[in-house]
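**Student:** Here it is, the structure, as C-alpha cells.
Each reported figure results from applying straightforward, stated rules to the coordinates on display, with no laboratory input. Predicted, not measured: the structure shown is a model, and the values here were computed from it. Cβ placement follows ideal geometry from the backbone for every residue including glycine, while neighbour counts extend to all protein chains displayed.
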Amino acid sequence: MGFIVDETPYPGGKESARVFCVRAENPSAMTYTGTNTWIIAEAESPECIVIDPAPAGQHVQNVLDACIDQGLRVGAVVCTHVHPDHTEGAMELADMTGTRVYAPFDGTLQPGTFQPVENGPVLEVVALPGHSSDSVGLIYPADGSMFVGDVIFNHGPTVVYYPDGNLTEYMDSLDKIEQLVKTQNIKVLYPGHGYPITDPLDIIEATRAHRLDRLQQIKDALVSGVAHDADALVDAVYVGLDPNLRDAAFRSVKAQLLYLDGKGE
Ligand SMILES: [Zn+2]
C-alpha cells in the first residue's frame, strides 16, 4: 500500500481506447521521468485534444507525429496549470495546427463542462488549487478517468509550490479528488509525470499521510528548538536531500509554516 516504486520508467503509450500518452524526454529532479502529454479522442471525431504538450521543440513534433500515426488532427490544446514543463510547447503546437490553447491561468479554461471539439471528448473541469493556484483536474466521464496535472502522483508526493501554492488549498483538493473518485466512477488518474494511478483512493491516502507526516516533523523540529525558519527546517527535516530538490523543499516548508501559522499551531 502507498506510493509505488517504479521498476522501469513510465514509457507512455496507449492507455485506453480514448487515451494515449507521449512521454517527453525531459527527466529531472522536478519532472521525474519526464512530462506526460496526453492525446485524447472519441471514435466519432478525427479531432483530438492534446493536454500538456511540453517542452517545446522535438517533443511537440513527436506529439504531432503520434497524432498523425493514429489518423488524428489536433483540435485543441489544453494546459492543466501554468508551470513551464506543462505549457512550454502549447503555443507552438497550436500554431503548427491552427488551433488554440485553453488554460486555467488566462481564464480560457474554466470549471464546468468543456467540449472544445465537435463530437470530441466531453470533459468536466474542476479547480484543484494547491500545487499551483491555477491547477485544474479534467474528468473524462466516457473514459472513467481524470487528468490531474501535478496534483497527485503514483510514485510519491508533489510539491506545494509556495508562494503560488498553498497547503490548506492542497489538502482541500485531495479531499475533492477523493469525493470525485468515489462519486463519479473514476477508475484511473492520469498525472503529469510517472505512471497512471490505477488505485486512486490508496494513492490519495498515501499523499495525505505523507503531508501530515511532514507537518508533524516540522512541528517536532520547532518544539525541539529548530528556528522558525525555512532553511533551518529544511536542514532538520529533509536529511540527505538531493541538492537539486532544495528549492522545492524550501518552498514546501514555507507552505507548511504558513499552514501551521494559519491553524494557530
Ligand atoms: Zn507543476
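**Student:** Sequence neighbours fewer than 8 away in the same chain don't count; with that in mind, list the aspartates and glutamates whose C-alpha is under 17 Å from K263.
**Tutor:** Filter leaves E169, D172, D213, D220.
**Student:** So how do V63, V101 line up by other beta-carbon neighbours within 10 Å, fewest first?
**Tutor:** Starting with the residue having the fewest Cβ neighbours, the order is V101, V63.
**Student:** Which value in nm describes the separation of the simple spin-label points at D95 and R73, placed 7 Å from the Cα toward the beta carbon?
**Tutor:** The two pseudo-label positions are separated by 2.1 nm.
**Student:** Counting other C-beta atoms within 10 Å, which of H59, H210, H81 has the fewest, and how do the rest follow?
**Tutor:** H210, H59, H81
**Student:** What 222 nm value per residue comes from the helices of the chain, counting each DSSP H run with n ≥ 4 as -39,500 (n - 2.57) and dividing by all residues, nearest 500 deg cm²/dmol?
**Tutor:** Dividing the helical sum by the residues of the chain leaves -10500 deg cm²/dmol.
**Student:** With the contact rule set at Cα under 8 Å and sequence spacing of 6 or more, what percent relative contact order holds for the chain?
**Tutor:** In percent, rounded to a whole number, it is 15.
**Student:** A further question on this structure: Post the alpha-carbon centroid distance, segment 91-166 to segment 201-228, in whole angstrom.
**Tutor:** 28
**Student:** In nm, to one decimal, how far is the modelled label at E124 from the one at D199, with both set 7 Å along Cα→Cβ?
**Tutor:** 2.5
**Student:** Considering only DSSP states other than H, G, I, E and B, which trypsin sites (Lys or Arg not before Pro) in segment 175-205 qualify as loop sites with at most 16 other Cβ atoms within 10 Å?
**Tutor:** Sparse-neighbourhood loop trypsin sites (Lys or Arg not before Pro): K187.
**Student:** By how many nm would the segment from V226 to E7 grow when fully extended, if each residue of separation counts as 0.36 nm and the alpha-carbon distance is taken off?
**Tutor:** 75.1 nm
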